[in-house]
Structures are given as C-alpha cells and as structure tokens.
Amino acid sequence: MKSTIKLSMMGLVLSLALNSSCKNGAQNDTTVSGQNDTEAILENNKGQAFIEDDESTPNVLQIAIGSSDHSTLVAAVQAAELENALVNAGPLMVFAPTNSAFDALPEGTVEDLLKPENKSALANILKYHVTAGNYSKDFLKNFKKLGQANDQNVPVEIKGDDVFVGGAKIIASIPAGNGIVHVVDKVILPPTQ
C-alpha cells in the first residue's frame, strides 16, 4: 500500500509541478467531466484509505494490500471503490478470500466483475464478506449467522474445530488495527434476491 500511495503522490507532485511550470503554455486538456488530470487524481485518491501512516497497527485494508495471496481481493476492492470503507474505525471482520479462491470461480467471472459497469454487483459481493465486530474464530462458534455489510445474513457452521462462513473455511486470522481479517478458502457469494 505504501508504494501505491507513494507512486500516486509522486505522480500528483509531478503533475502539479508540470502544471505550475507551464503557466504561459497551453491550457491542460480536460476530461469529459471537465476535470483536468490533476483534479481527477485528487478526486480518486480522497479519504482515509490514502493517508500514509507508518506507526499504527495496520488496518484490514493494509493487511490485504500487504499479502501477496490477496492481490485479486485488493483489485476488486479498488474496482468497487471500497477502500475508505475498509479503513474506518470499525471494528470490522473481513472474510478475505485468497487468490486461489477467486481462481476457483467459473472462468471469466472475476474479469467480468471488475468491469466498471458491474461495480455495484462487485460491491455487493465484497460487502457480503464484511461484518461489524472483532471476533476470533473460536468466538464465531457461538453464532448461527452474521449480518453482513450488504444487509444480508451469512450462515456460520462448525465442523469439528473448523469454522465455515457462507461455506468458506477460515484458514487463518490476522488481528488488525480496526478489527480482524479471517482468511477464507472460498469466495462467499450472497444469495440472489
């Protein structure tokens, strides 16, 4: 995450420097919405998710960004523009599917969901992986279901020592500054309404 933010900031600084050094030059091209490139960068990189902080415990988004096993999840969060939701004070429980969990979906599913026109469907799926709270895997054994951020419930099942949320097995848990990340082995798909 640090390198992504630093690259974004470096691009912003470079863009600002070029804009200010070309005061007498031609006007900047504008996008269809009337924004120049610098304004578009600033607009897309707003909120808590884009503040650099090296001292506090990593939040759930920073944990995902720092994991090579969660690059598909991070790309999906970015495509759905949910970064700021994952860095709020929480507490949040995020059930984070691994890259191999996304790979197990039917061919073309991930690519299709990442298209801009499918942003709301993608956001709905991702929100089905998030709930309020900060419960350990063992404490989750006390639940039959959880209310997710997309306003749907997900079932919780216990099989021996294993805990399954929406059919996905919790394979690891990582405490975060604003909750906990439970790594799961499947993408949890919400029921169709």
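The values are calculated or read from the model by the stated rules, or taken from the named source; none is laboratory data. In this text, all values refer to a predicted model and were calculated from it rather than measured experimentally. All Cβ positions, even for glycine, are placed from backbone atoms using ideal geometry, and neighbour counts span all protein chains on display. We work out accessible area using only protein heavy atoms, side chains counted, and drop any ligands, DNA or RNA first. Shrake-Rupley method; radii C 1.70, N 1.55, O 1.52, S 1.80 Å.
Observations on the model:
- Extreme residue, farthest from His182 (Cα to Cα), among residues of the range 71-89 that are open to solvent by less than 40 Å² (accessible area, probe 1.4 Å) and of a type outside the set (A, V, I, L, M): Glu83
- First in the range 180-193 and modelled with pLDDT of 95 or more, second anywhere and in a strand (DSSP E or B) and among the charged types (D, E, K, R), Cβ under 8 Å, 6 or more apart: Val184/Lys169; Asp185/Lys169; Lys186/Lys169
Here's the yes/no breakdown for (1) surrounded by 15 or more Cβ atoms within 10 Å (Cβ to Cβ); (2) aliphatic (A, V, I, L, M); (3) touching a Phe, Trp or Tyr at 6+ places or on another chain (Cβ under 7 Å):
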| position | (1), (2), (3) |
| --- | --- |
| Ser100 | no, no, no |
| Ala104 | no, yes, no |
| Leu113 | yes, yes, no |
| His129 | yes, no, yes |
| Ala132 | no, yes, no |
| Ser136 | no, no, no |
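- The listed residue being hydrophobic (A, V, I, L, M, F, W, C), open to solvent by less than 50 Å² (accessible area, probe 1.4 Å) and without any contact (Cβ under 8 Å) to a residue 40 or more places away in the chain, out of Ala121, Ala176: Ala121
- Restricting attention to the range 145-162 and to residues that are within 16 Å of Thr131 (Cα to Cα) and in contact with a helix residue (DSSP H, G or I) (Cβ under 9 Å, 6 or more places away or on another chain), the residue that is surrounded by the fewest Cβ atoms within 10 Å (Cβ to Cβ) turns out to be Asp151.
- Output for the range 68-99, where each listed residue is out of contact with any helix residue (DSSP H, G or I) (no Cβ under 7 Å at 6 or more places or on another chain), without any contact (Cβ under 8 Å) to a residue 40 or more places away in the chain and more than 18 Å from Asn124 (Cα to Cα): Ser68
- Looking only at the range 55-70, residues that are farther than 19 Å from Val183 by Cβ and either open to solvent by less than 60 Å² (accessible area, probe 1.4 Å) or of a type in the set (Ser, Thr, Tyr) (or both) come to 1 in all.
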